[in-house]
1. If I filter the stretch 41-48 for residues that are surrounded by 10 or more Cβ atoms within 10 Å (Cβ to Cβ) and outside any helix (DSSP H, G or I), do I get at least one hit?
2. I need the full set of residues from the stretch 32-86 which are under 20 Å from the mean Cα position of the chain (by Cα) and among the basic types (K, R), in order please.
Amino acid sequence: MSQSSSYQPTPEQLARWKRMDELEPTATVGFLSIEQQDKNVKEFLETDYIQNQLEQTRAYKAKLLKKLASAEEYEQFLLKENQKRM
């Protein structure tokens, strides 16, 4: 009897499954009822909702800008190293 190897998902599959798990609580299928649509619109128009979204967006933007700055520093380092080797 031969041993069968166990299935190993690829890193891309793992990343996709992780993202799906993160989105699952907010996922919907089909159409929303009129009541649910009204509730969503009212929630969106509330000042607190918009303020919370703004704060989350700013935090995310700051995180991305920090990553960008780090990538730019690394790029400059690599350019200098490349020039030294030429």
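Read-outs throughout are calculated quantities, based only on the coordinates presented, and are distinct from any laboratory measurement. Everything numeric in this text was worked out from a predicted model, so none of it was measured. Positions of Cβ are backbone-derived with ideal geometry, glycine not excepted, and every protein chain shown enters the neighbour counts.
1. Yes - at least one qualifying residue is present in the stretch 41-48.
2. Across the stretch 32-86, the qualifying residues are R58, K61, K63, K66, K67.
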